[in-house]
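To start, the structure itself, in structure tokens.
Values quoted throughout were computed directly from the atomic coordinates according to the rules given, and no laboratory measurement underlies them. On a predicted model such as this, the values are computed, not experimentally measured, just so you know. Cβ coordinates were reconstructed from backbone atoms using ideal geometry, including for glycine residues, and neighbour counts include every protein chain displayed.
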Amino acid sequence: MARQRWTSRTVFILAALGSAVGLGNLWRFPYLVGKYGGGAFLVPYLIALVLVGVPMLMLELAVGQKMQQGAIGCYQKLHPSFAGLGIFALTSSFIIVSYYAVIMAWSLIYLLTSFKMKWSGDAESYFYQEVLQISTGVEQLGGINSPIILSLLLVWFLVYFCIWRGTESVGKVVQYSVPLPVILMSILLIRAVTLPGFLQGWEIYLKPVWSALLDPAVWTAAFSQIFYTLSLGFGIMLAYGSYKKTEDDIAKDTWITALLNSGISLFAGFVVFAVLGYMAGKTGIPIEELAASGPGLAFIVFPEALSLMPLPRVVSVLFFLMLLLLGIDSAFSLAEALNAAILDRYKQLKIAQVSMAVCLTALIAGIIYTTRAGLYFLDIVDHFVTNYNLLLVGIFQAILAGWIYGAEKLRRYINQVSDLQVGKWWNISLKYIIPLVLTTLLVTQFSQDLKTPYEGYPTWALGIGWAIALLPLLLFLFLLFKKQD
Ligand code: PHE
């Protein structure tokens, strides 16, 4: 059977962009800017984008397109001993998608209950006590929370119908799911800038504090944000690249995707801080205290802020719809990475069957996050996967492509098919800069985690996190050094 193809170049770019643009653009990027030096943060961020983000994205798209395989096959074609790196990348995808979907399930609950606005007044206890019914600690599972698991089931239905026909259905979905959240964002922005306070918000967001550039934490934050936001190290971009034809352009598509993604992040920051500025004016709480990242922003601060606006129900519906749309194409891109590898191996299976199996398995794996201790598990697992697994895959991938397969060989291929020519700097980035930068991040994180156990969780719980990082690593190393037969 012939390989699946994107129906057009635009559709491919939208799909890659949809994967990149996700919750991180909304709830992580703006927060990092506000916290780490305002406008000054853009310096390390842009450096990270050019030195690491773009070269790595180009690497993944190029390898996928050249090898015409999912993650496992791609790495194996770069070097026969590296199939295990594909398994490594795909375990991260599987783990992330199983909790990413749960966050979307929370968003769906908020969307469906927007008309009640039950959070107004005390959004914090609404989130923790009513929606999550959170237990007192990670050791108290407290049983499954039925609204959440029902909502999760619905989310997986949605994801399934996005991917059940592979590139064909994905192609149709991304034409809406990528531009629509940006349009919703613009509506929220217009709403916020026609209310008082937004300028104060923007001032906190962007006013540069140049001394921040001397803080190493600012630099590590910039590099890890770039890596996460471009969905690198999951086998996603390999799979998406593999659905292009071998003679398609690579360089320009890479730049377009990377720049649009960062542009949308920057734009999202204007929305977030305009809303925070308005809320600060209304409540008297300083913007710095309101600024939050992650679920705290999306499920506590924002709902509260929106409830203070005129037409609170309408703006809340817009916001949670936007959240869902931002998340869905990131979620299904992770599932697509898994599908691609499975379909390479079991050619007789139908896309719909594989999609169903992937969705069902990830749904089952996600049940732990629907318990009343779910948020704790989510927090721990997220910390380890995004700080270790991604970086490790990134390092090995750069070494594999840059040193073992040969950066120059890949670069020649990219230049053969692209209008925009890629200079020798790309080789340097692949061979030296990426491994060096990512190893530094890894070591910094590791020593920090050894010094202070993450968030003071009990050792057994953090053990789960360490196992998530170490088991795939050991499997990869085992396969790497196993004698080829
Ligand atoms: N890039 C997404 C974001 O910024 C996160 C993501 C990572 C999505 C990995 C899919 C895979 O939110």
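Extent along the principal axes, Cα only, for region 21-161: 54, 39, 33 Å, with the longest axis given first. With each pseudo-label sitting 7 Å past Cα toward Cβ, what's the Tyr128-Gln348 distance in nm, one decimal? Reported label-point gap for Tyr128 and Gln348 is 5.5 nm. Computed about the Cα centre, the dipole magnitude for the chain is approximately 1260 debye when only Lys and Arg (+1) and Asp and Glu (-1) carry charge, each at its Cβ. With the cut-off at under 15 Å, measuring from each backbone N in region 194-227 to a point 7 Å along the Cα-to-Cβ line of Val443 picks out 220. For Lys207, a cut-off of 18 angstrom between C-alpha atoms picks up these lysines, skipping any fewer than 8 places away in its own chain: Lys35.
Of the residues Met67, Met322, Met104, the one with the fewest other Cβ atoms within 10 Å heads the list, and the complete ranking is Met67, Met322, Met104.
Kindly put Lys350, Lys66 in sequence by how many other C-beta atoms sit within 10 Å of each C-beta, fewest to most. Before the final figure, lay out the partial values.
Details: Lys350 14, Lys66 21.
Fewest to most other Cβ atoms nearby, the residues stand as Lys350, Lys66.
Along the chain, the exposed loop sites are GluC sites (Glu not before Pro) outside DSSP states H, G, I, E and B with at most 16 other Cβ atoms within 10 Å, and the longest stretch free of them is 248-485. Normalised by residue number, the volume inside the convex hull of the Cα atoms of the chain is 140 Å³ per residue. Cross-link reach is defined here as a Cα-Cα straight distance under 15 Å, omitting same-chain residues fewer than 8 places apart; for Lys409 the aspartates and glutamates meeting it are Glu60. With an a/c value of 1.5 or above and a/b larger than b/c for the gyration tensor axes a ≥ b ≥ c computed over the alpha-carbon atoms, region 142-217 is described as prolate. Among the lysines, which have Cα under 30 Å from the Cα of Lys172 when same-chain residues fewer than 8 positions away are ignored? Straight-line reach from Lys172, under 30 Å: Lys66, Lys244, Lys245, Lys252, Lys347, Lys350.
Full extension of the chain between Lys118 and Ile404 gives 97.2 nm of extra length, using 0.36 nm per residue less the Cα-Cα distance. Computed from Cα atoms, the angle from the helix 167-177 axis to the main principal axis of the chain rounds to 30 degrees. Taking the number of Cβ atoms within 10 Å of each Cβ as an exposure proxy, the fewest-first ranking of His383, His79 is His79, His383.
What shape does region 328-482 take by its C-alpha gyration tensor, where a ≥ b ≥ c are the square roots of the eigenvalues and a/c under 1.5 counts as rounded, a/b above b/c as prolate, and the rest as oblate? Please report the intermediate quantities before stating the final value.
Details: a/c = 2.19, a/b = 1.25, b/c = 1.76.
Oblate.
Shape index of region 152-281: Rg/Rh, with Rg the Cα radius of gyration and Rh the Kirkwood radius from the inverse mean 1/r over Cα pairs, equals 1.05.
Determine the shape class of region 203-260: with a ≥ b ≥ c the square roots of the Cα gyration tensor eigenvalues, call it rounded for a/c under 1.5, and otherwise prolate if a/b is greater than b/c, oblate otherwise. Intermediate results must be reported in sequence, preceding the final value.
Values: a/c = 3.68, a/b = 2.40, b/c = 1.53.
Taking the square roots of the gyration eigenvalues as a ≥ b ≥ c, region 203-260 is prolate.
Near Thr371, the amide H atoms lying under 5 Å from its own belong to Asn145; only residues 5 or more places off or on other chains count, and H is placed 1.01 Å from N. Full extension of the chain between Ser8 and Val209 yields a length gain of 68.0 nm, computed as 0.36 nm times the residue separation minus the alpha carbon distance.
Be a star and scan region 1-30 for residues whose amide nitrogen sits under 16 Å from the point 7 Å along the Cα-to-Cβ vector of Glu455. Hits in region 1-30 for Glu455 at 16 Å: 28.
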